[in-house]
Protein chains: 2
Amino acid sequence: MNYFSSDFKLGILGGGQLGKMLLYDTRRFDIQTVVMDPSAEAPCKIACNEFIQGDLMDFDAVYQFGKKVDLLTIEIENVNVDALEKLEDEGLPVYPSSATLRRIQNKAVQKLFYTDNNIPTAPFTRFAYAAEIETALKNESLSFPFVWKSARFGYDGQGVKIIKTWSDLEGIPAQECIAEEMIPFKNELAVIVARDVKGNVATYPVVEMEFHPEANQVEYVICPARIDKEVVKKAQLIALKVSKAYEHVGLLAVEMFQTKDDKILVNEVAPRPHNSGHYSIEASYTNQFEQHLRAILGLPLGKTDSTVAGVMVNLVGEEGYEGQVKYERIEEIMAMEGVNPHIYGKKITRPFRKMGHVTIVDENMDAARKKAAIVKRTIKVISEK
Amino acid sequence: MNYFSSDFKLGILGGGQLGKMLLYDTRRFDIQTVVMDPSAEAPCKIACNEFIQGDLMDFDAVYQFGKKVDLLTIEIENVNVDALEKLEDEGLPVYPSSATLRRIQNKAVQKLFYTDNNIPTAPFTRFAYAAEIETALKNESLSFPFVWKSARFGYDGQGVKIIKTWSDLEGIPAQECIAEEMIPFKNELAVIVARDVKGNVATYPVVEMEFHPEANQVEYVICPARIDKEVVKKAQLIALKVSKAYEHVGLLAVEMFQTKDDKILVNEVAPRPHNSGHYSIEASYTNQFEQHLRAILGLPLGKTDSTVAGVMVNLVGEEGYEGQVKYERIEEIMAMEGVNPHIYGKKITRPFRKMGHVTIVDENMDAARKKAAIVKRTIKVISEK
């Protein structure tokens, strides 16, 4: 199949920032794209060849979209999987497959999948309704503290909460969820694995994630992780095991905990380009978006090594601001060497909304990490008034 | 001025591959763009916010276009400069300015500008009509061999010819031209200088260009140039002198000859992103397109150092093929590490037409250069039948 400058059409479900960055590489290869997103203001609206406004959870919308394209991928996993399955039955290649997505969309199913496949993960209990948590606490089959996770549709730090007391349970939605043991960990790590239809794999370096204590969002992604070589090996082997179990096609971002005694526990996965791989645009031989395309199109996988150290800082909406976005002091960070802002093009900011990211690259990791802290202190995502 | 995610509109004259690559960076910064190009098939048609089909040499088309935008730049220098001048008079920032463009558009004027500014260049004679060349040859004020250059609109190797005998003169267009002394040179070099409104400058490393012997097109661009440090210094100083003389805003690509006795002679300049800077997308801290934006928008200039060695190979249409383009054996080159193809998205190939480029990056220059030769031998730009 010759994709380049041909009539082949790649369909992308979701038109957010991940899709937007994926479109840089479809453009670079001159691959025709059709994007569907519910928002008329989606960052992908330009740069794709055709944009369709539609509900990603609606069977008919996703099915009709799939009939227009030659291959289908996603930039968000919350899509109608039944429609994908029907499209697959009718012969459309869908990467990641409906089977992979079903195992990931629901966090309870995802956790059970790790148990079934002998993949280390934090102990957990599944609850069909949040109300069952109270019963379990009263029965003492569950105890404080624990991590509550909604089984479906977590995003941008929503759907996850640390529960230390009864009062923390207030306002928890009454839906399927899991309660996970709180693991005291040294580091949160991630590994992105690319896998093609034939099962060839390529693994990116282990990255280290520093979380914002309140927002439950990644604040810094550091590549390579500043951890022992033995732990690097262990994390990569486990990521490959997870990749093999899912039999995904395309990228799989595997998030993990490094415990205090250097065990690796899988936290969760995403079968697509991921926030933990944004650094690769500037720091890697092959960025994660190009790699995803290579994997789903059956092209040779690219080199995953880094050329320089990279630290990514997420740009999220400042607390107390909602409205027309403004990037305060962006010029100041642009005056620093090796500092690369990415603005996603969302017009409205809200507290903790992902509005962009900045990648800092340097030959020296310490220098990059120090600069990242200055970037974080300097640029503010606020609103006009 | 806060450009990011605002209503500010950047106008770009020309919608070819340079504009297309520039749009990756306007998208990354969420800067709104309006592009004008005569072709409805222009590579820029998607990825800009608004596309207008129009003749770049037409006064009214360019003037009306300028009235729609807040700042105007170009990706090709053959535009109606009178319209730009009127727009400037009415207060529109135009970078590069009409004054810079007037000194560059006409190659005879450009050469005289070097002489006036004491910038070393190959000796030349200006002819108002090509027919005057014959008279000069008969008078013996001109002798074979020499380089004929059309004063206006050279592109893709057109408008330049080496004249060794009377028969080489056949078919030379009857227009204003120059006859330049043939300089035996060791290397062709180029330096890209970025300059902002305040006169701040940033210089990219000296690159080396290897030309295709028949097509008169650059075949490889090698960064950094494999030349003595003393020559590097000399080339950079001369590039800065040229930059200062033009008082351009944005990029200026300065092409130079390194003579057999290590003199530097300026060949020609381009006041915009340039083929000799494409390697920077993969190999530099700040790529040339982002740097052009930084310069024209008054943002701080970025770091111009390389992170790795880079060799760029132009992908031009194979001789003997015209029609619907096909990139033969592209998968093979993509299987090589550090090989990055860029497909411009032109649907029709013609012999020697620039259809794309490939950048090869490696920690080691020799390895990159060897790989580039394999890339060149492997991928072929042909047509479907």
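The values are calculated or read from the model by the stated rules, or taken from the named source; none is laboratory data. Keep in mind it's a predicted model, so treat the numbers as computed, not measured. In this analysis, Cβ positions are derived from the backbone assuming ideal geometry, glycine residues included, and neighbour counts consider all displayed protein chains. Remember, those area values only see protein heavy atoms, side chains included, never the ligands or the DNA or RNA. Shrake-Rupley method; radii C 1.70, N 1.55, O 1.52, S 1.80 Å.
Check A:VAL193, A:VAL221, A:VAL197 and return the single one that is in a strand (DSSP E or B) and more than 19 Å from A:PRO120 (Cβ to Cβ).
Values: A:VAL193 fails: more than 19 Å from A:PRO120 (Cβ to Cβ); A:VAL197 fails: in a strand (DSSP E or B).
Unique residue meeting the criteria: A:VAL221.
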So, first residue away from chain A (no Cβ under 11 Å) in segment B:314-328, second residue charged (D, E, K, R) and assigned to a strand (DSSP E or B), Cβ within less than 9 Å, six or more apart or across chains; the pairs are B:ASN314/B:GLU219; B:ASN314/B:LYS354; B:VAL316/B:GLU219; B:VAL316/B:LYS354; B:GLY317/B:LYS354; B:GLU318/B:GLU328; B:GLU318/B:LYS380; B:TYR321/B:LYS380
Would you be able to say whether some residue in segment A:238-246 is within 18 Å of the chain's Cα centre (by Cα), open to solvent by 30 Å² or more (accessible area, probe 1.4 Å) and more than 14 Å from chain B (Cβ to nearest Cβ)?
yes
Against the conditions (1) farther than 21 Å from B:GLY250 by Cα; (2) open to solvent by 70 Å² or more (accessible area, probe 1.4 Å), where does B:PRO120 fall short? Just the number, please.
(2)
Looking at segment B:237-259, I want the residues that are on the phi > 0 side of the Ramachandran plot and have a partner that is among the small types (Gly, Ala, Ser) and open to solvent by less than 10 Å² (accessible area, probe 1.4 Å) with Cβ atoms under 6 Å, at least 6 apart or on another chain. Which pairs are those?
B:GLY250/B:ALA295
Looking at this structure, is A:PRO300 within 14 Å of another protein chain (Cβ to nearest Cβ), open to solvent by 10 Å² or more (accessible area, probe 1.4 Å) and at pLDDT 95 or above?
yes
Residue pairs within 6 Å by beta carbon, gap of at least six or interchain, first lying in segment B:4-25 and outside any helix (DSSP H, G or I) and aromatic (Phe, Trp, Tyr), second at pLDDT 95 or above and open to solvent by 10 Å² or more (accessible area, probe 1.4 Å), listed first then second, are B:PHE4/B:ASP30; B:PHE8/B:ASP70
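Let me confirm something: among B:THR359, B:THR349, which residue is touching a Ser or Thr at 6+ places or on another chain (Cβ under 8 Å), polar (S, T, N, Q) and either touching a residue at least 40 places away in the same chain (Cβ under 8 Å) or within 12 Å of another protein chain (Cβ to nearest Cβ) (or both)?
Values: B:THR359 fails: touching a Ser or Thr at 6+ places or on another chain (Cβ under 8 Å).
Sole residue among the options that is touching a Ser or Thr at 6+ places or on another chain (Cβ under 8 Å), polar (S, T, N, Q) and either touching a residue at least 40 places away in the same chain (Cβ under 8 Å) or within 12 Å of another protein chain (Cβ to nearest Cβ) (or both): B:THR349.
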Against the definition (within 11 Å of another protein chain (Cβ to nearest Cβ), surrounded by fewer than 22 Cβ atoms within 10 Å (Cβ to Cβ), out of contact with any helix residue (DSSP H, G or I) (no Cβ under 8 Å at 6 or more places or on another chain) and touching a residue at least 12 places away in the same chain (Cβ under 8 Å)), how does B:LYS380 come out, yes or no?
no
Checked against (1) open to solvent by 70 Å² or more (accessible area, probe 1.4 Å); (2) modelled with pLDDT under 90, B:SER143 satisfies every condition except (2)
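Please verify whether A:LYS45 is open to solvent by less than 20 Å² (accessible area, probe 1.4 Å), closer than 23 Å to B:MET21 by Cβ and touching a residue at least 24 places away in the same chain (Cβ under 8 Å), treating the condition exactly as stated. It would help to see each step written out before you state the result.
Details: open to solvent by less than 20 Å² (accessible area, probe 1.4 Å): no; closer than 23 Å to B:MET21 by Cβ: yes; touching a residue at least 24 places away in the same chain (Cβ under 8 Å): yes.
Answer is no for this residue.
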Of the criteria (1) modelled with pLDDT of 95 or more; (2) assigned to a helix (DSSP H, G or I); (3) surrounded by 15 or more Cβ atoms within 10 Å (Cβ to Cβ); (4) in contact with a strand residue (DSSP E or B) (Cβ under 9 Å, 6 or more places away or on another chain), which one A:ALA136 fails
(1)
Return yes when B:ASN267 is open to solvent by 10 Å² or more (accessible area, probe 1.4 Å), more than 14 Å from chain A (Cβ to nearest Cβ) and within 20 Å of the chain's Cα centre (by Cα) and no when it is not.
yes
Odd one out for A:ALA309, checked against (1) more than 9 Å from chain B (Cβ to nearest Cβ); (2) open to solvent by 30 Å² or more (accessible area, probe 1.4 Å):
(2)
